[in-house]
Amino acid sequence: MEEAGIQPRAEWIVQGDFEPESGYQAMQQILSQKQRPTAVFCGGDIMAMGAICAADEMGLRVPPGYFGDRL
């Protein structure tokens, strides 16, 4: 991010417990903000599954190979 000149905003950093529901809730919180990030990093695959579901439900494009595939 530093090389790309991207400064992470404090409100984009959300703590979770590494479970799918936690990833889902964190993604909903991030995506409800006026200024959204261009990418998201999750603490693990299990948490990412919830984040991907939230993004998909909000109509965001999820890259092929991530949604619906076993992580």
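The values are calculated or read from the model by the stated rules, or taken from the named source; none is laboratory data. The shown structure was predicted, so the numbers you read here are calculated from the model rather than taken from an experiment. Here the Cβ is made from the backbone with ideal geometry for all residues, glycine too, and neighbour counts use every protein chain on show.
Consider the range 1-43. How many of its residues are surrounded by 14 or more Cβ atoms within 10 Å (Cβ to Cβ), aliphatic (A, V, I, L, M) and either touching a His at 6+ places or on another chain (Cβ under 9 Å) or assigned to a loop (DSSP other than H, G, I, E, B) (or both)? Residues that pass the stated criteria total 2. Among the residues of the range 48-70, is there at least one that is assigned to a loop (DSSP other than H, G, I, E, B) and within 10 Å of the chain's Cα centre (by Cα)? For the range 48-70, residues assigned to a loop (DSSP other than H, G, I, E, B) and within 10 Å of the chain's Cα centre (by Cα): absent. Of 7, 25, all but one fail to be polar (S, T, N, Q) and at pLDDT below 90; the exception is 7.
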